[in-house]
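Visitor: Next up is a structure, given as structure tokens.
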Amino acid sequence: MDNLTKKQRSKQMRLIRSVDTKPELLVRGILHRLRARYQLHRKDLPGRPDLVFPWRGKIIFIHGCFWHGHLGCRLGRVPKSRVAYWTAKISRNRQRDTAALRLLRRMGWKCLVLWECQLRHGDKVAGRVSRFLSKQY
Ligand SMILES: [Zn+2]
């Protein structure tokens, strides 16, 4: 028999989650607590945004620091082998990201980019996400 109440269990699940899970799941957890409804990976939009809030005209990207080339970030550093290959590849990804953001903003979407390294500070990110989603532009 399960000796935890439903509430205790969900608290425990949240704790487990915050330790060992992908950045995107962390953000989805935040959104769940905010009761924000979203769509995932809309292929019809530039850059295939991670989270789309069509009713609010907003979009959130969750970028892995390495693949998306987070400048000045320890996680975004290029490996020491095959430097030219990685530098070119990551730079292409960065250009693609920039182009997608520009297009989306031109289409009228408000965009927020969250970096993997920022998600290590869960509380701060929750605040940012909540402010972003409630802000009236
Ligand atoms: Zn980073």
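The values are calculated or read from the model by the stated rules, or taken from the named source; none is laboratory data. Everything numeric in this text was worked out from a predicted model, so none of it was measured. No Cβ is skipped: glycine too gets one built from the backbone with ideal geometry, and neighbour counts run over all protein chains shown. Quick note on the areas: whole protein, heavy atoms, side chains included, nothing else; ligands and nucleic acids left out. Shrake-Rupley method; radii C 1.70, N 1.55, O 1.52, S 1.80 Å.
Visitor: Probe radius 1.4 Å, ligands and nucleic acids left out: which of Val83, Val52, Val78 has the largest accessible area, and how do the rest follow?
Guide: Val83, Val78, Val52
Visitor: Just the accessible area for Phe132, please: 1.4 Å probe, Å², rounded to the nearest 10?
Guide: 10 Å²
Visitor: FRET efficiency for Leu71 and His121, Cβ-Cβ distance as r, R0 = 22 Å, nearest 0.05?
Guide: Calculated transfer efficiency: 0.75.
Visitor: Accessible area per residue of region 43-137 at 1.4 Å probe, in Å²?
Guide: Roughly 63 Å² per residue, with all protein chains present.
Visitor: Then there's this: Can you send over the solvent-accessible area of Tyr137, 1.4 Å probe, protein chains only, in Å² to the nearest 10?
Guide: The value for Tyr137 is about 140 Å².
Visitor: Give me the accessible area of Lys89, 1.4 Å probe, in Å² rounded to the nearest 10.
Guide: Roll a 1.4 Å probe over it and Lys89 shows about 60 Å².
Visitor: Round to a whole number: what % of the accessible area of region 83-137 belongs to carbon and sulfur, probe 1.4 Å?
Guide: 52 percent
Visitor: Top to bottom by accessible area (1.4 Å), largest first, where do Leu71, Leu133 land?
Guide: The residues order as Leu71, Leu133, largest area first.
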